[in-house]
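This report concerns only the one structure given below.
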Amino acid sequence: MAESERPAGASEEVAPPVQQCFMVPKKEINVVSDMAKWKRSQAYADYMGFILTLNEGVRGKKLTCDYKVSEPIEKLVALLNTLDRWIDETPPVDQPSRFGNKAFRTWYAKLDQEAEKLVSAVIPKHLADAAPEVAVYLKESVGNSTRIDYGTGHEAAFAAFLCCLCKIGVLRVDDQMAIVFKVFNRYLEVMRKLQKTYRMEPAGSQGVWGLDDFQFLPFIWGSSQLIDHPSLEPRHFVDEKVVNENHKDFMFLECILFITEMKTGPFAEHSNQLWNISAVASWSKVNQGLIRMYKAECLEKFPVIQHFKFGSLLPIQPVTS
């Protein structure tokens, strides 16, 4: 495997360098002018490298294809299954307002309390010191308990959580497909259940002008899955029949199905940006365009990145290599 294809920080060694000093990540982007620090940071380079590595890793592959499932992948799925079970154990409460059910706070308090323990179950004993650092990204990835909202910043925290697991060597180069198809896909299912159960508000949504109220990454990786598909073209994803027949194979179509379940009215009206994408000639053009849009609309927007946290694994320091 070429160096450039290797996930950021993924190493062939199991044990990390001895000098690694873990720390609890904290906010570093406090004013708009701090955004320049973020774009020059090692964290930004590693995060983006991770997203693009996975983008290549799933190119032209179906969710249902065969791929290696390692023990850490199984453990991550078990962690997400636990979060799912907690939703069942924490039903929504009766309250006057339709949105933002306060039971989410009860559910979140449980995660807040248990996160380090959950992460410790995924990582080997000799990396136990990393648990408090990595757990912060897990806690940040499920939405905000004060506002009871969820958006692309929370999704980015989950990708950062997975990136950290790569950097400490828990996830390896050959886990790429399983990271997206098994772990990230399960994460999406749990987030959709949270959104439906507790009627979470979209965080910082641009409404009809945003790509989607809640997610972005599955559209990037999902469009990569469809590159060079023999029959499915971008124009097909607005066709209900095509979506119903193929959503189990392709993340992109699964997202479209969820949107059509959650929203009423013509697709072109409630999801204008996606409707425009359906006019793009090829999936590789869609994929490139979405990566550019992700940088511009999510990673370079202060309201999103001000919440991002930096530690030893995703440092705010400028890129060294």
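The values are calculated or read from the model by the stated rules, or taken from the named source; none is laboratory data. The structure presented is a predicted model; accordingly, all values stated were derived computationally and were not measured. Note that each Cβ is placed from the backbone with ideal geometry, even for glycine, and that neighbours are counted across all protein chains shown. These accessible areas exclude ligands, DNA and RNA; they are computed on the full protein's heavy atoms, side chains included. Shrake-Rupley method; radii C 1.70, N 1.55, O 1.52, S 1.80 Å.
Computed values, structure above
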{"quantity": "Of all residues making up segment 7-56, the number that are touching a Phe, Trp or Tyr at 6+ places or on another chain (Cβ under 6 Å), assigned to a loop (DSSP other than H, G, I, E, B) and either at pLDDT 95 or above or among the β-branched types (Val, Ile, Thr) (or both)", "calculated": "3"}
{"quantity": "Whichever residue in segment 222-277 is at pLDDT below 95 and of a type in the set (Ser, Thr, Tyr) and, among such residues, is farthest from Met177 (Cα to Cα)", "calculated": "Thr264"}
{"quantity": "Breaking point among (1) in a loop (DSSP other than H, G, I, E, B); (2) over 30 Å from Val134 (Cβ atoms); (3) within 19 Å of the chain's Cα centre (by Cα), for Leu253", "calculated": "(1)"}
{"quantity": "Residue list for segment 285-303, filter: farther than 13 Å from Met48 by Cβ and buried (at least 20 other Cβ atoms within 10 Å of the Cβ)", "calculated": "Val286, Asn287, Leu290"}
{"quantity": "Qualifying residue in segment 276-284 (condition: surrounded by 15 or more Cβ atoms within 10 Å (Cβ to Cβ), in contact with a Phe, Trp or Tyr (Cβ under 6 Å, 6 or more places away or on another chain) and among the hydrophobic types (A, V, I, L, M, F, W, C))", "calculated": "no"}
{"quantity": "Flag if Ser4 is hydroxyl-bearing (Ser, Thr, Tyr), modelled with pLDDT under 95 and open to solvent by less than 80 Å² (accessible area, probe 1.4 Å)", "calculated": "no"}
{"quantity": "Looking only at segment 90-133, and only at residues there that are over 22 Å from the mean Cα position of the chain (by Cα) and acidic (Asp, Glu), the one that is least open to solvent (accessible area, probe 1.4 Å)", "calculated": "Asp129"}
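Yes or no, residue by residue, for (1) within 22 Å of Asn81 (Cβ to Cβ); (2) open to solvent by 10 Å² or more (accessible area, probe 1.4 Å):
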position: Ala159; (1), (2): yes, no
position: Cys166; (1), (2): yes, no
position: Val173; (1), (2): no, yes
position: Met177; (1), (2): yes, yes
position: Phe184; (1), (2): yes, no
position: Tyr187; (1), (2): yes, no
position: Lys196; (1), (2): yes, yes
